[in-house]
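Undergrad: This is the structure I want to talk about, given as structure tokens.
The values are calculated or read from the model by the stated rules, or taken from the named source; none is laboratory data. Model, not experiment: these values are computed from the prediction. Virtual Cβ from ideal backbone geometry, glycine too; neighbours counted across all protein chains shown. Just the protein is used for accessible areas: all its heavy atoms, side chains included, with ligands, DNA and RNA removed. Shrake-Rupley method; radii C 1.70, N 1.55, O 1.52, S 1.80 Å.
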Amino acid sequence: MLKTIYWKLLLLFLRYFNLFIKSEKLKNRVAKKQYEGMRFKLSKQNVQLGENSIVYNTKFSFSSKGDHFYIGNNTTITGATLLGHDASPCVFLDALVLKPDVWAVGSRKSFRDPIHIGDNVFVGHGCIILPGVVIGDNTIVAAGSVVTKNLDSDSVYVGNPARKIKHIDNYIQKYKSILSDSPEKF
């Protein structure tokens, strides 16, 4: 509890302190502390974050029974929503309604299944990832995609529902070419 309060206060302070910092070295030290705080906060939400991975403005579902998320190494997730449970079956299955008062803690049972995201994955802004999904290594999930089933490794996915559009090697070659021809775009 005290550790959580410490991180909340420290991150709030650093957010405003960062506005006045001129030194690049000090800015990097503050950024490292903010990264450590993000990792701590995510761990409290049952998110296991691999080495050299970062999560920006992403929502992870929460339930009193515990949703779980496993994110590999060298992975970036930006502005996505990860749903580790699905409460919709309780609307149709009376056996899942435990208490008549919907506001009561533990009043409904939800389907839950952890989400696994591999190494070297990029999940774009606005993506929604549903319970139980496994995203393979070396995969790009384009902005706005809805991931309803497992995604193979070494691939690029787009759309709703997400569908494979190309192999990762084609994607890498495209951006190598752009970097070579138009480096100012990076």
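Undergrad: Expected output is a single nm value to one decimal: the length gained when fully extending between residue 21 and residue 181, i.e. 0.36 nm times separation in residues minus the C-alpha distance. What is it?
TA: Values: separation 160, 0.36 × 160 = 57.60 nm, distance 3.60 nm.
Full-extension gain reported as 54.0 nm.
Undergrad: Here's another thing I want to ask about it. Tell me which of 34, 17, 53 sits at the most positive position along the dipole axis of the chain, charges placed on C-beta atoms (Lys, Arg +1; Asp, Glu -1).
TA: 17
Undergrad: Where does the chain land at 222 nm, in deg cm²/dmol rounded to the nearest 500, when only DSSP H runs of n ≥ 4 count, each adding -39500 (n - 2.57), divided by all residues?
TA: On the way: 3 runs with 51 residues, N = 186.
Helix contribution divided over all residues of the chain: -9000 deg cm²/dmol.
Undergrad: For the stretch 1-101, which chymotrypsin sites (Phe, Trp or Tyr not before Pro) pass both filters: DSSP loop (anything but H, G, I, E, B) and at most 10 other C-beta atoms within 10 Å? Please list the in-between numbers first.
TA: Numbers: sites: 6, 7, 13, 16, 17, 20, 35, 40, 56, 60, 62, 69, 70, 92; in loops: 62, 92.
Passing sites in the stretch 1-101 are 92.
Undergrad: Here's another thing I want to ask about it. What shape does the stretch 127-176 take by its C-alpha gyration tensor, where a ≥ b ≥ c are the square roots of the eigenvalues and a/c under 1.5 counts as rounded, a/b above b/c as prolate, and the rest as oblate?
TA: Working: a/c = 2.59, a/b = 1.72, b/c = 1.51.
Prolate is the answer for the stretch 127-176, as a/c is 1.5 or above and a/b outweighs b/c.
Undergrad: Can you give the accessible area per residue of the stretch 96-186, in Å², using a 1.4 Å probe?
TA: On the way: 5340 Å² over 91 residues.
Per-residue value: 59 Å².
Undergrad: Moving on to the next point. Work out Dmax and Rg for the stretch 77-164 from the C-alpha atoms and quote the Rg first, both in angstrom.
TA: Looking at the stretch 77-164, its Cα Rg and Dmax stand at 15.4, 47 Å.
Undergrad: Continuing with the same structure: Can you give me the % of accessible surface on the stretch 27-156 that is carbon or sulfur? Probe 1.4 Å, all protein chains present, nothing else counted.
TA: Values: 3760 of 6930 Å².
Reported share for carbon and sulfur atoms: 54 percent.
Undergrad: Moving to a separate point now. What percent does the relative contact order of the chain come to when contacts are Cα pairs within less than 8 Å and at least six residues apart? The partial results should precede the final answer.
TA: Numbers: 374 pairs, mean separation 23.6, N = 186.
Once normalised by length, the contact order is 13 percent.
Undergrad: Skipping prolines and chain starts, which residues have an amide H placed within reach, meaning under 5 Å, of the one on residue 154, given they are 5 or more residues away or on another chain?
TA: Excluding prolines and chain starts, which carry no amide H, the hits are 137, 138, 139.
Undergrad: Then there is this: At residue 33 and residue 88, where each label point lies 7 Å from the Cα along Cα→Cβ, what is the point-to-point distance in nanometres?
TA: For residue 33 paired with residue 88, the spin-label model returns 4.4 nm.
Undergrad: Could you work out how much longer the chain between residue 101 and residue 57 gets when fully extended? Use 0.36 nm per residue separation minus the Cα distance between them, nm to one decimal.
TA: Values: separation 44, 0.36 × 44 = 15.84 nm, distance 3.24 nm.
Fully extending the segment from residue 101 to residue 57 adds 12.6 nm.
Undergrad: Between the DSSP loop rule and a limit of at most 12 other Cβ atoms within 10 Å, which trypsin sites (Lys or Arg not before Pro) in the stretch 16-96 are left? It would help to have the intermediate numbers written out before the result.
TA: Details: sites: 22, 25, 27, 29, 32, 33, 39, 41, 44, 59, 65; in loops: 22, 65.
Hits after loop and neighbour filter: 22, 65.
Undergrad: What translational D, rounded to a whole number of µm²/s, comes out for the chain from Stokes-Einstein when the hydrodynamic radius is the Kirkwood one over Cα pairs, at 20 °C and 1.002 mPa s? Write out the running numbers ahead of the final one.
TA: On the way: Rh = 18.6 Å.
Roughly 115 µm²/s, to the nearest whole number.
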